[in-house]
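Participant: This is the structure, below, for whatever I ask next.
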Amino acid sequence: MTFGEALLAAIDEVAEQDKRIVLFNPSFAGEAGHEKLAAFRKKYAARIKFPPIAEIGFCGIAIGAAMAGLRPVVDISTATFSYEAIPQIVNEAAIAYSNSGGQTNVPVVFYMKFGIRGGGGVQHSGSPQSWYWNTPGLQIVMPSTPADAKGLMRTVLTKSEDPTIFFGHDRLLDDLGEVPDGVYEVPLGKADIKRAGKDVTIIATSIQVPRALAAAETLAKDGIYAEVIDPRTLQPLDKPALLASVKKTGRVLITDESHDNCGVAAGLAAIIADEGFTSLRAPIKRVSIPPVPVPYAVPLEDYVTPMAQRIVEAARALCK
Amino acid sequence: MLPDISRDKQLAILRRMLMIRRAEEHCIRFNDEHTGLIRGHFHVYIGQEATGVSVCDWLNADDYVFTTHRNHGHVIAKGGDPKKVLAEIIGRATGYCQGRAGTFHVAAPEVGVIHTSAIVGGCLALAGGTAYAAQVKESKAITVVFFGDGAMEEGVFYEALNIAKLWQLPMIFWMENNYRRSGRGAGHAATELTNVPKALNVETTVIDGIDVGTVHKTAKDIVSRVRKGEGPLFVEARTHLWPGNAFNMPKLVGGVTDIAWAWDASKAPEKVRDWHKDHDPILNYLRELAGAGISRGELEKLDAEVSQETDAAARFALESPLPDAKAALNYAFAGKGI
């Protein structure tokens, strides 16, 4: 099952049981899943809206509907389109529960495709996970595999009462992966060790997980055994699991496809510096996007993308 | 004109309007008499009481009302408790939101005000959401979103209105034009603000927002039509900026309203005399009630009762404890993880 199909399957599973689930512009399935998407849209036609091109309008409507007891799932499509709705997502959805002293819940899901997709250029390659992570009140989910995507989406739809930003990397959507049979959940705030190792911890999010696993394979040939750990959700964050891995290896490299400055890697590095400093035998290393808008032409785009080779080089330097 | 309802109901409307006026006067006095009690600027609903109260008179407990930075009056109009409103305004643990919201964001979910945004236009789309939810749930609940003339300068107004019309949402866009924006200079290129909804085929009504009878009758018609599925509809209720509102921090420029001015406006201080004589919805309504045979003594007694109640509410707020400092970390998330 592809990543996109896994998302669709999770929503289908829950929506069948829960009539409060409504969908705006559902397009989750990626290229591979277009037939399944068509069937899904037919099955849930009565609960699906295709709003006009009006992000601040329809995101606000989804938020208001969540406050009134529905569980809307909004497919933003490209993550940068959500910038048009920032006033509603950041300044209404995220603060309502706190402002009301715990009286008004906002169980809305904003799904968005993020990251360097290949030719997206300066406006369709955005990675806003660190912006949203810097907004108290928003849950941040960013799985790396179809199995995690399905289990996390189910948990969000069945258990969460908070607004959630659900990130799927554009280049992961058509990735195939094993998905367990039957109904299962992946809890929020539980990291997953994707490959065990002893020499260096690589904390990787979303698309950086397959890149880190490829890097770990290369590093193993040099006798460097990297542990790849995927937080899977940034909010809530499984700090104990990350710190335990760093304690075991004494070295940490953090890789995420947002920008270096105040990015996800920077935020995780700060936590490790604060709470895991005595475990460290080397400085914390980040592999993310340099602080430039993502350019269009192939060599320019490749230069700023945090590919496996950059992870390999950084890990080697750490383990010298 | 007087609303076409029983005498008791007419007086109930007067009582709610006075409750808002007296509570807002306390709010201003909090700021004038106690430095730092209200932390920052604030806005009051004085002069617009006829609209909020008359509209909410036709709403049910499960109907939704959204408001603005000028929210105190709408919360009380929908049935909110002035004690909890005043306590929230000064950040007390007993306030509607336990002191987390303050004057700008008073939300009272128990009476249908589930969230309040102080961002101009912030609730327009959210109101579309509660209306959409009612449509999905096939409930009869409707949503009224109150906003000012300034909100029509925001892009979200256009998007929310457009979607509301396309989806035929059961909601009322109720604009209270207090000329706060247009009175200061051009904030909108439209000759008439109603031209904007008209361009999207949303039916509009323009009324005198200080006349209780007019607002009440219009609200009855608009609410019942929206409940029958004829929404969205748009109303512009025109009010007149209260002289004390001409500042970022409202001031009781003529002192608290003395209802005796209804019978003899010359007694009112000069700075506010014309406004109370011609534009004050409460004094206007009092004159009409008196004209219909309700004695001045009875009206004064009612005002005294309301004042006693709001005085007690102000004391309750002032005597209430501040929240415990550690409560700052509560309620970031409904779920457990931080």
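Participant: Using only helices, what value at 222 nm comes out for chain B when you add -39,500 (n - 2.57) per DSSP H run of length 4 or more and divide by the total residues, to the nearest 500 deg cm²/dmol?
Facilitator: -13000 deg cm²/dmol
Participant: Pairs of Cα atoms under 8 Å, at least six residues apart: use those to get the relative contact order of the range A:215-282, whole percent.
Facilitator: 28
Participant: Once you have all Cα-Cα distances for the range A:53-92, histogram them in 10 Å bins from zero and send the whole-percent values.
Facilitator: Each 10 Å bin holds this share of Cα pairs: 33, 58, 10.
Participant: Tell me the label-point distance for the pair A:Glu31, B:Ala199, using the 7 Å Cα-to-Cβ offset, in nm and rounded to one decimal.
Facilitator: The modelled label-to-label distance comes out at 4.1 nm.
Participant: Can I ask one more? Output needed for the range A:193-320: three equivalent-ellipsoid semi-axes, defined as square roots of 5 times the C-alpha gyration tensor eigenvalues, in descending order, whole Å.
Facilitator: In descending order, the three semi-axes are 22, 17, 13 Å.
Participant: In whole angstrom, note down how far apart the Cα centers of the range B:292-336 and the range A:168-203 are.
Facilitator: Spelled out, the Cα-based centre of one part sits 52 Å from the other.
Participant: Right, something else. Taking the mean number of other Cβ atoms within 10 Å as a proxy for protection, how do you rank A:207-217, B:252-262 from highest to lowest?
Facilitator: A:207-217, B:252-262
Participant: Could you work out the equivalent-ellipsoid semi-axes for the range B:223-264, taking the square root of 5 times each eigenvalue of the Cα gyration tensor, largest first, in whole Å?
Facilitator: Ellipsoid half-lengths, sorted descending, are 35, 16, 8 Å.
Participant: Still on this model: Determine, for A:Tyr225, A:Tyr97, the number of other Cβ atoms within 10 Å of each Cβ, and report the residues in order from fewest to most.
Facilitator: A:Tyr225, A:Tyr97
Participant: With unit charges on the beta carbons (Lys and Arg positive, Asp and Glu negative) and the dipole taken about the Cα centre of the range A:3-172, which residue among A:Asn105, A:Ala46, A:Leu7 sits farthest to the positive side?
Facilitator: In the range A:3-172, that residue is A:Ala46.
Participant: Sequence neighbours fewer than 8 away in the same chain don't count; with that in mind, list the lysines whose C-alpha is under 16 Å from A:Lys159.
Facilitator: Cross-link targets: A:Lys19, A:Lys150, A:Lys190, B:Lys336.
Participant: Over the range B:1-143, calculate the relative contact order: mean separation of alpha carbon pairs under 8 Å at least 6 apart, over the residue count, as a percent.
Facilitator: 21
Participant: Quick one: order B:Phe104, B:Phe42 by neighbouring beta-carbon count within 10 Å, fewest to most.
Facilitator: The most exposed by this proxy come first: B:Phe104, B:Phe42.
Participant: If you don't mind, there's one more thing I want to ask. Please report the antiparallel percentage of the DSSP beta bridges confined to the protein assembly as shown, to the nearest 5.
Facilitator: Percent antiparallel among DSSP bridges in the protein assembly as shown is about 10.
Participant: Restricting attention to the alpha-carbon atoms of the range B:128-202, what are Rg (one decimal) and Dmax (integer), both in Å?
Facilitator: According to the Cα coordinates of the range B:128-202, Rg and Dmax are 13.5, 44 Å.
Participant: Under 20 Å from a label point 7 Å along Cα→Cβ of B:Arg7: give me every residue in the range B:293-311 with its amide N that close.
Facilitator: B:293-306
Participant: Listed here are the pairs A:Lys36/A:Lys194; A:Lys49/B:Lys78; B:Lys9/B:Lys220; B:Lys9/B:Lys217; which of them are more than 20 Å apart at the Cα?
Facilitator: A:Lys36/A:Lys194; A:Lys49/B:Lys78
Participant: In the P(r) worked out for the range A:3-172, what percent of Cα pairs fall beyond 19 Å?
Facilitator: Everything past 19 Å amounts to 52 percent.
Participant: List the aspartates and glutamates whose Cα sits under 19 Å from the Cα of B:Lys251, skipping any in the same chain fewer than 8 residues away.
Facilitator: B:Glu24, B:Glu25, B:Asp32, B:Glu33, B:Glu49, B:Glu270, B:Asp274, B:Asp280, B:Asp311
Participant: Here's a follow-up. Quick one: check the C-alpha center-to-center distance for the range B:172-243 versus the range B:54-117, whole angstrom.
Facilitator: Result: 22 Å between the Cα centres.
Participant: Run a plain Debye calculation on the protein assembly as shown (Cα atoms as equal point scatterers, no solvent) and give log10 I(q)/I(0) at q = 0.09, 0.12 Å⁻¹, rounded to two decimals, same order as the q list.
Facilitator: The computed values of log10 I(q)/I(0) come out as -0.79, -1.17.
Participant: Considering only DSSP beta bridges where both residues belong to chain B, give the percentage that are antiparallel (nearest 5).
Facilitator: Taking every DSSP beta bridge within chain B, about 5 percent pair in antiparallel fashion.
Participant: Further, regarding this structure: Shielding by partners for B:116-126, please: the mean number of other protein chain Cβ atoms within 10 Å of each residue's Cβ.
Facilitator: 6
Participant: Hey, another quick one. Need one number for the range A:30-71: average projected area of the convex hull over its C-alpha atoms, nm².
Facilitator: 3.8
Participant: Output the 0 to 90 degree angle, nearest 10, between the alpha-carbon long axis of helix A:264-275 and the longest principal axis computed from the alpha carbons of chain A.
Facilitator: For helix A:264-275, the angle is close to 60 degrees.
Participant: Report the residues of the range B:302-321 in range of a label on B:Lys267: point 7 Å along Cα→C-beta, backbone N strictly under 20 Å from it.
Facilitator: It comes to B:302-308, nothing else.
Participant: Now a separate question. Cα-Cα pairs above 16 Å in the range B:1-111: how many percent?
Facilitator: Cα-Cα pairs of the range B:1-111 separated by over 16 Å account for 57 percent.
Participant: Could you work out the helix-only [θ] at 222 nm for chain A, with each DSSP H run of four or more residues adding -39,500 (n - 2.57) and the total divided by the number of residues, to the nearest 500 deg cm²/dmol?
Facilitator: -11000 deg cm²/dmol
Participant: Could you compute the FRET efficiency for A:Lys19 and B:Glu298, with r as their C-beta to C-beta distance and R0 at 51 Å, rounded to 0.05?
Facilitator: It comes out at approximately 0.45.
Participant: If R₀ is 25 angstrom, what is the calculated FRET efficiency for the pair A:Leu280 and A:Arg316, using the beta carbon separation as r and rounding to 0.05?
Facilitator: That gives a FRET efficiency of 0.90.
Participant: Normalising by the residue count of the range A:3-172, find the relative contact order in percent from Cα pairs under 8 Å and 6+ residues apart.
Facilitator: Worked out over the range A:3-172, it gives 26 percent.
Participant: Still on this structure, please answer the following. Rounded to two decimal places and with Rh computed the Kirkwood way over Cα pairs, what is Rg over Rh for chain B?
Facilitator: 0.96
Participant: If you line up the Cα atoms of chain A on their principal axes, what length do they span on each, largest first, in Å?
Facilitator: Cα extents, longest axis first: 60, 44, 40 Å.
Participant: Within chain B, what is the longest stretch that has no GluC sites (Glu not before Pro) placed in a DSSP loop and near at most 11 other beta-carbon atoms within 10 Å?
Facilitator: B:193-338
Each reported figure results from applying straightforward, stated rules to the coordinates on display, with no laboratory input. On a predicted model such as this, the values are computed, not experimentally measured, just so you know. So basically every Cβ, Gly included, is an ideal-geometry build from the backbone, and we count neighbours across all protein chains shown.
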